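Undergrad: Got a structure for you, written out below as structure tokens; questions coming shortly.
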Amino acid sequence: MDAKLGVYICSGCGINDVLDIDALTSMVNKELGCQFCKVDPLVCSDDFVSKIKTDIESEGINRVLIAGCSPRYFADKFKFGADVMVDRLPLREYVAWMADMEFSTDLDEAPELYQELAEDYLKMSAARVKNSTPPTAIVEETTKDILVVGGGVAGLNAALVAADNGYKVTIVEKEAELGGWSRKFKAVIPQQSPYRDLQTPPHVELIEAVKSNGNITVKLSSRVKKTSGQPGQFDVAIKNAEGSETIRVGAIIQATGWVPYNPEKLTDKYGYGKFSNVVTNIAMEEMALNGKIVKPSDGSAPKSIAIIHCAGSRDKEHLPYCSAVCCRAALKHALYVREMMPDTNVFLLYKDIRSPGVFEQFYERVQEEEGIFLTKGDVTQVAEGDNNTLSITLDETLLGEQIVVDVEMLVLATGIVPTSKVDEEAVAEEEEVEVAEDGKKEKSKASGAEVGAQILNLTYRQGTDLPTLKYGFPDSHFICFPYETRRTGIYAAGAVRAPMDMGMAKNDGLGAALKAMQVVEASAVGTAVHPRSGDVSFPDFFMQRCTQCKRCTEDCPFGALDEDDKGTPMPNPLRCRRCGICFGACPERIISFADYSPNMVSQMIKSVSMPEEDDERPRYLVFMCENDAIPALDIAAWYRHKINPWVRIIPVRCIGAVNTVFIADALSSGFDGILMLGCKRGDDYQCHMVRGSELGNYRMENVQEKLKQLVLEPERVQILEVELSDWHRVPGLINDFVEEVNDLGANPYKDF
Amino acid sequence: MNTDVLIIGGGIAGITAAVEAAEVGKDVVLVEREHWLGGRVVQMHKYFPKLCPPVCGLEINFRRIRQNPKIKVLTGASPTKIEGDTGAYKASIIIEPRYVKGDFSELTECADKCPVEVPNRFNFGLSKVKALHIANELAYPFGYFVEKEAVNDPAMKEFAAGCDCIDLDMQPETVEVNAKSIIYATGWEPYDANKLDNLNFGKLDNVVTNMMMERMASAGGPSQGKITRPSDGNPITKAAFVQCAGSRDEKHLPYCSAICCMASLKQNRYIREQYPDAEIHIFFIDARTPGRWEDFLQEVEDDPKTIIHRGKVARIEEAENGMVTLTAENTLTAKLEQVTVDLAILATGMVPNAIKDKPHINLKQDKYGFIENIDNSGVVAAGVAASPKDVASSNEEATGAVARVMKMMGGK
């Protein structure tokens, strides 16, 4: 269908005070190739909105340009269906509210400059809507079945809630029984008020419910051998002693839990393995479950027991983090001892008692118990005495005094290590073998692939497993979005994701199950999931022009693109999150969305009128991230911060979606400088597309190289980080950039 | 009005539940008693441990709400009655008027001229605001309203009489919502620091709460983000954080609020960013930074100008030049320690709103008012309504809450 453009200009909210609306209208009518241009002082009024609707229905308008307020306001009013492309140009925010009428000493100049600005924005907006078409979803045959890997508390809860919601679920468990750690515990810390009494482990009820649920299939003593495909179409090879079978699922929940920190590493520090009566909290649990807590040295009951709370945790040489549950487990163990052996004293040796929230009540309960002694300090030495007794020396951190506790048995509360943690020593060995065999110093996997723990064994170009954060947890990096994942359709849950107790693991399993249900529903209709949920567009690759440079397959933050042998990208549209980072990466500009393409951005750049050098009206282009920088600008406008009228802004999905070709286009069109405002990168990155900001910055190196070749100053192209709460700084950053580059003089390529 | 899920409370847990439910195809009515969404988090400057702004995630969630026709947001709204059972609840929702009727453009002009100012609740009274205003720069919905406390003010009445866009005679409306399930995400309020007699909050200007500190550090706050002494606006040379101010305390809140340690460590960073040389004291009973938060504690412990004390602050008294003196008993030595600072920040805990505003339907609550979830119920609590917790855990629970209630209304 041909594009039929209707332009609607709002003159309210102060727009009329800054701009000559009649002049704008006649420019629009003359130059934008629209069907008409209508003006109203209140475009957001119901009356006017219904006029737009009439135009769509009776005049066949399918491109609507509304020049008024930011699309962050009155979003509901300007929805006209999937076939109508709408662009809302914030003339109010970008021009009227931020106009600095004292910008020039020549009183007539400022209004003229802002008028030019508004004209350019209208032209850019028209270029945007005219060069985009309504996207249609790719709908393929998908399954809505869900796979849960790991049959512990998180996995069982996830499986049950998904099954109760009508989804078919398969649980793969590596052990011969379901239940995970719960099955190995005598009791668990209280999860119900008054949070005082130990509770029965939850697995018994969970397993019963799973067994009687017709929607759940359980595969015991099984592992995932290979996972390929995409959400809605994952093919998972499951292997056990009987053989291997492949099932198709729509989403995967990885609830593979944790393993205890290796106590062998605590031999020097706490005597584990050296002194017979030093045991771990896991061994303690096992003894309690079997009904008898005894000294390994002689099988008799200890008269005194010490528990070290942070044995190998909060320790730079071992696990620097806190495992969150060991304090409460130690309190629980103290209760076991008092219940099973009323004459035995327990000494709890802690750094801080971590019983957060409602669990303070459990801590109080333990403090009420006789025979339990709490001592704060750092354990500096464990020595063995006569009859295998143990002397534990503590530094009381603040006093500088030393205390010695003599006991018959010592329990080490070792921490949680996620099953996703790659054993670096083992991997190093493996690599060495490879080097020796083929004489090459290359890994056999695709270059750039991350080393994985080989749990899901993904056939993805970017690695075999979920990417992990520090310490090996495949947790979300986003506080607001705890199920954000870099592998679409695969969600981690439970203690594999972060140290947590069974109550939290239950909640976490339920949450992950909901995300799995969401992704299978979204995949069935071909829409994106968070953060661009509902987006039906997808990147189209014009493969004839692909040079197999592999940039897109390396850069995709979500591992959506695989590669064939030659390096040609193999898109998996259902893994795609529509960030546009691939299109920012492609030097050939062959990747486009229907409603967002390199051509569209180039046309927007070219539509800006370019005064000649002698006019002394330079032009600056600012690409701004629509997640943070653009809303920040809206807020700055609300507070009437001022912006330099020489600046033209283009919102982008992510700074990683800015192709360096756009920068070249802008420089050759005569722009004097280009600024990119994106989110924070680095360890605490805030980029919602994970790597976009990082990649944008990385690509700047190439840009700087290009500038050098053209003998242009490096300051002409810059990238800066902003966050939404920086709204008060954003206009200043832009204005300062303009001032800095303006001092360099005009872009020498301007008049070519 | 018919819906699948009725969500009570438009803070981070309620917002998350709403978007997650809508994105799995359920109809949602989200009810918030204030005239804006965001609850406590929209008042915060940064989140721990990333020190990223809460408004960043909120903005994305607001975008998800804006574009999703399955979500209906009611602000200024709270339930007065809920009847029925799983699958068929009937809730009466009272919607407070905003007392405005003009368009945005007119209201902006009118707000400029508004003669009445009231203490700004959003800033915990640290500044004043026009009675006709928009709650904050990120308010959703972004619209004007008249503060209820100003409605009977004679000056406001006179002003309204001469203005077409304000109508102080507007009355609350009641809407009936038929919902198949309900999520309670009614959140919390800070423990009332006025009850802590020994700490002299309310009497000494330079004793503030942790939530006030969030506003003080925020660019939209009372001092445009500059942290200064409230008494005279002077810079901070010394500050002290009082952990467990009214928490883990039988006379006040016996429980731990789970987040205050991290919040104070975060606020330590706010002060440090503005005052590289300030001396900062933190008084802990236990430093509770579980999981990977330990790294954050480590960073602060490595700061040579931050001094960590073990002990609970027993009293705060006035000192010279507007300074305040804190006295604490060291838990290990039982000796008294004193420091004198420009600003004392009380790490007050979380009180569930459900203790005062009881849920309108019979739910299990512990003695502190937290709602305890039971399996297979059409009403589920999420976020701090259920127990003290941080934002990520609230969002996990809110997401899971959707899965819980969904199965009670027949699943997919």
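The values are calculated or read from the model by the stated rules, or taken from the named source; none is laboratory data. Note that this is a predicted model, so its numbers are computed, not measured. Glycine gets a Cβ as well: all are built from the backbone with ideal geometry, and neighbour counts include every protein chain shown.
Undergrad: What residue, of B:Gly187, B:Gly221, is touching a residue at least 40 places away in the same chain (Cβ under 8 Å) and within 14 Å of chain A (Cβ to nearest Cβ)? It would help to see each step written out before you state the result.
TA: Details: B:Gly187 fails: within 14 Å of chain A (Cβ to nearest Cβ).
It is B:Gly221.
Undergrad: Sort out which residues of the range A:169-195 are within 14 Å of another protein chain (Cβ to nearest Cβ) and crowded, with 20+ Cβ neighbours inside 10 Å, and write them in order of number.
TA: Step one: of the range A:169-195, the residues within 14 Å of another protein chain (Cβ to nearest Cβ) are A:169, A:189-195.
Scanning the range A:169-195 gives A:Val169, A:Ile189, A:Pro190, A:Tyr195.
Undergrad: Please determine whether any residue of the range A:668-680 is modelled with pLDDT under 95 and in a helix (DSSP H, G or I).
TA: Yes, some residue in the range A:668-680 is modelled with pLDDT under 95 and in a helix (DSSP H, G or I).
Undergrad: Give the number of residues within the range B:338-382 that are in a strand (DSSP E or B), hydroxyl-bearing (Ser, Thr, Tyr) and over 16 Å from the mean Cα position of the chain (by Cα).
TA: Narrowing the range B:338-382 to residues in a strand (DSSP E or B): B:338-341, B:343-348, B:350-352, B:365, B:371, B:379-381.
Those still in the list that are hydroxyl-bearing (Ser, Thr, Tyr) too: B:340, B:348.
Narrowing the set further to residues that are over 16 Å from the mean Cα position of the chain (by Cα) leaves B:340.
Number satisfying all stated conditions: 1.
Undergrad: If you don't mind, another one. What strands (runs of 3 or more DSSP E) completely inside the range B:60-121 contain at least 1 residues that are farther than 23 Å from A:Cys480 by Cβ and out of contact with any strand residue (DSSP E or B) (no Cβ under 6 Å at 6 or more places or on another chain)?
TA: Working: elements: B:71-75, B:77-85, B:88-95, B:117-119.
The strands (runs of 3 or more DSSP E) meeting that bar are B:77-85, B:88-95, B:117-119.
Undergrad: Continuing with this model, one more query. If we keep just the residues of the range A:638-675 that are among the aliphatic types (A, V, I, L, M) and in contact with a Ser or Thr (Cβ under 8 Å, 6 or more places away or on another chain), which is surrounded by the fewest Cβ atoms within 10 Å (Cβ to Cβ)? Talk me through it step by step, then tell me what you get.
TA: First, pick out the residues of the range A:638-675 that are among the aliphatic types (A, V, I, L, M): A:643, A:647, A:649-650, A:652, A:655, A:657-658, A:661, A:663-664, A:666-667, A:674-675.
Narrowing further to those that are in contact with a Ser or Thr (Cβ under 8 Å, 6 or more places away or on another chain): A:655, A:661.
Values: A:Ile655: 31, A:Val661: 16.
Applying the filter and picking the extreme gives A:Val661.
Undergrad: Can you find a residue that is within 8 Å of chain A (Cβ to nearest Cβ) and at negative phi anywhere in the range B:345-357? First the steps, then the outcome.
TA: At the first step, the residues of the range B:345-357 found to be within 8 Å of chain A (Cβ to nearest Cβ) are none.
No: the range B:345-357 contains no residue that is within 8 Å of chain A (Cβ to nearest Cβ) and at negative phi.
Undergrad: Going through the range A:376-413 one residue at a time, which ones are surrounded by fewer than 16 Cβ atoms within 10 Å (Cβ to Cβ), on the phi > 0 side of the Ramachandran plot and within 12 Å of chain B (Cβ to nearest Cβ)?
TA: Of everything in the range A:376-413, just one residue is surrounded by fewer than 16 Cβ atoms within 10 Å (Cβ to Cβ), on the phi > 0 side of the Ramachandran plot and within 12 Å of chain B (Cβ to nearest Cβ), namely A:Gly400.
Undergrad: Also, quick follow-up: Residues to consider are A:Gly377, A:Gly415; find the one that is more than 30 Å from B:Val351 (Cα to Cα) and under 36 Å from the mean Cα position of the chain (by Cα). Steps first, answer last, please.
TA: Values: A:Gly377 fails: under 36 Å from the mean Cα position of the chain (by Cα).
One residue alone meets the criteria, A:Gly415.
Undergrad: Using beta carbons and a limit of 8 Å, which pairs, at least six apart or on different chains, have the first residue in the range A:239-259 and free of Cβ contacts under 8 Å to residues at least 40 places away in the same chain and the second one not in a strand (DSSP E or B)?
TA: That search, which allows pairs on different chains as well, returns A:Lys239/A:Ser222; A:Asn240/A:Leu220; A:Asn240/A:Ser221; A:Asn240/A:Ser222; A:Ala241/A:Ser221.
Undergrad: Also, I was wondering about something else. Quick check on B:Ile371: is it touching a Lys or Arg at 6+ places or on another chain (Cβ under 8 Å) and either more than 8 Å from chain A (Cβ to nearest Cβ) or not charged (D, E, K, R) (or both)?
TA: Criteria met by B:Ile371.
Undergrad: Considering A:Arg88, A:Arg72, A:Arg92, A:Arg63, which residue is of a type outside the set (Gly, Ala, Ser) and more than 14 Å from every other protein chain (Cβ to nearest Cβ)? Break it down stepwise before answering.
TA: Values: A:Arg88 fails: more than 14 Å from every other protein chain (Cβ to nearest Cβ); A:Arg72 fails: more than 14 Å from every other protein chain (Cβ to nearest Cβ); A:Arg92 fails: more than 14 Å from every other protein chain (Cβ to nearest Cβ).
Of A:Arg88, A:Arg72, A:Arg92, A:Arg63, the one residue that is of a type outside the set (Gly, Ala, Ser) and more than 14 Å from every other protein chain (Cβ to nearest Cβ) is A:Arg63.
Undergrad: Exactly one of (1) on the phi < 0 side of the Ramachandran plot; (2) out of contact with any Pro (no Cβ under 9 Å at 6 or more places or on another chain) is unmet by A:Ala594. Its number?
TA: Among (1) on the phi < 0 side of the Ramachandran plot; (2) out of contact with any Pro (no Cβ under 9 Å at 6 or more places or on another chain), A:Ala594 violates only (2).
Undergrad: Can you tell me which residue is surrounded by the fewest Cβ atoms within 10 Å (Cβ to Cβ) among those in the range B:385-398 that are at the interface with chain A (Cβ under 10 Å from one of its Cβ atoms) and part of a helix (DSSP H, G or I)?
TA: My answer is B:Ala392.
Undergrad: Output yes when any residue across the range A:356-366 is closer than 23 Å to A:Ser391 by Cα and crowded, with 23+ Cβ neighbours inside 10 Å, and no when none is.
TA: Residues of the range A:356-366 that are closer than 23 Å to A:Ser391 by Cα, as a first pass: none.
Within the range A:356-366, not a single residue is closer than 23 Å to A:Ser391 by Cα and crowded, with 23+ Cβ neighbours inside 10 Å.
Undergrad: Now for a separate question. Inside the range A:264-282, can you point out the residues that are of a type in the set (Gly, Ala, Ser), in contact with a helix residue (DSSP H, G or I) (Cβ under 9 Å, 6 or more places away or on another chain) and surrounded by 15 or more Cβ atoms within 10 Å (Cβ to Cβ)?
TA: Narrowing the range A:264-282 to residues of a type in the set (Gly, Ala, Ser): A:271, A:273, A:276.
Pick out the ones that are also in contact with a helix residue (DSSP H, G or I) (Cβ under 9 Å, 6 or more places away or on another chain) and you get A:273, A:276.
A:Ser276 - this is the single residue of the range A:264-282 that is of a type in the set (Gly, Ala, Ser), in contact with a helix residue (DSSP H, G or I) (Cβ under 9 Å, 6 or more places away or on another chain) and surrounded by 15 or more Cβ atoms within 10 Å (Cβ to Cβ).
Undergrad: Specify the residue that is farthest from the other protein chains (Cβ to nearest Cβ); the eligible residues are those in the range A:316-375 that are among the acidic types (Asp, Glu) and over 28 Å from A:Pro418 (Cβ atoms).
TA: Of all residues in the range A:316-375, those among the acidic types (Asp, Glu) come to A:317, A:339, A:343, A:352, A:360, A:364, A:368-370.
Then keep just the ones that are over 28 Å from A:Pro418 (Cβ atoms); that gives A:339, A:343, A:364, A:368-370.
Numbers: A:Glu339: 24, A:Asp343: 29, A:Glu364: 8, A:Glu368: 13, A:Glu369: 18, A:Glu370: 20 Å.
Ranking the qualifying residues of the range A:316-375, first place goes to A:Asp343.
Undergrad: Hey, which of the strands (runs of 3 or more DSSP E) in the range B:185-247, taking only ones fully inside, have at least 3 residues that are within 26 Å of B:Glu137 (Cα to Cα) and in contact with a helix residue (DSSP H, G or I) (Cβ under 8 Å, 6 or more places away or on another chain)? Spell out the reasoning first.
TA: Details: elements: B:188-190, B:207-209, B:238-245.
Counting at least 3 such residues, we get B:188-190.
Undergrad: Still on this structure: Hey, could you check the range B:309-340 for residues that are within 9 Å of another protein chain (Cβ to nearest Cβ) and surrounded by 20 or more Cβ atoms within 10 Å (Cβ to Cβ) and say which is nearest to B:Ala239 (Cα to Cα)?
TA: Initially, the range B:309-340 is screened for residues within 9 Å of another protein chain (Cβ to nearest Cβ), giving B:309-310, B:330-333.
If we keep only those that are surrounded by 20 or more Cβ atoms within 10 Å (Cβ to Cβ) as well, we get B:309-310.
Numbers: B:His309: 13, B:Arg310: 16 Å.
This residue is B:His309.
Undergrad: Please go through the range B:130-161 and pick out each residue that is in contact with a strand residue (DSSP E or B) (Cβ under 9 Å, 6 or more places away or on another chain), under 26 Å from B:Pro54 (Cβ atoms) and part of a loop (DSSP other than H, G, I, E, B).
TA: Within the range B:130-161, B:Ile134, B:Ala135, B:Tyr140, B:Pro141, B:Gly143, B:Tyr144, B:Glu147 meet the criteria.
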